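Notes for the one structure printed next.
The values are calculated or read from the model by the stated rules, or taken from the named source; none is laboratory data. Because the structure is predicted, anything quoted here is derived from the model rather than measured. Here the Cβ positions follow ideal geometry from the backbone for every residue, glycine too, while neighbour counts run over all protein chains shown.
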Amino acid sequence: MVQKLQGEKIIQSVLDKLGLSYSTKVKLSRLVLDPKKYRQPDFYLPDYRLYIEYFSTWDAKVLKEKERAKYLEKQKIYMANNMDCLYLYPKDLTRVERLIKQKIESIMERKLPKDNFVPVPLLPQPTSKPKTEIKKAPKKKKPKNKVVIASTKNLDDVVTQATTITETTITKKPVEEEPKAFNAQKEFDEKPKLSFEGLIEMMGGVLGILIILELVAIVILAIVYFFF
């Protein structure tokens, strides 16, 4: 027990020297393949998720097999749970600082992406140059519309040409015939007139129809009288 406390003090002093934050009161519960309710590592570095276990009696001349089996069991459980752990033995107390640095570097290399980073040298800043004024091109002036006064001779030629063009393009429209007035007397005169003979024939036809109707009525009355 005394040997364990002395070794832990050495490790603690190295962690303080390196300025690393750590805790000695962390309890690990529900670990895979762990028959115990919880385990308490000797040191825990939260910035790197690194555990440190110190096996103080590993190099003892008289070490029981049960003690050695406990250490091996702890290693297997930490490995099964993918835990980064640094295992220190009494012979490692003289090089604790170097072993802790190496372990942290390996964790950082594994977690950070590896790329071929080449530092770029700082280039000298360009000296400020005087600002060059940009001269605008002068705007081109648009030519003004000139009023051309034609001579009287040219005007006369233009007028004569215009009159000849209008004469050729204008065509005479055909004269539309006026609609004829309606003459009722003429229409009446043109219709065929009914003659006297035609009237007699018309009256005969009407009388024949009346006689037929009377005969039909007499027949209907006779049938009714006979049956009723």
- Can you name the condition, by its number, that Val14 falls short on among (1) over 25 Å from Ala80 (Cα atoms); (2) in contact with an Asp or Glu (Cβ under 6 Å, 6 or more places away or on another chain); (3) at pLDDT below 95? (3)
- Of the residues that sit in the stretch 12-30 and are part of a helix (DSSP H, G or I) and polar (S, T, N, Q), which one is surrounded by the fewest Cβ atoms within 10 Å (Cβ to Cβ)? Ser13
- Item | Among residues of the stretch 32-55, those that are polar (S, T, N, Q) and either over 24 Å from Gln12 (Cα atoms) or touching an Asp or Glu at 6+ places or on another chain (Cβ under 8 Å) (or both), counted | 0
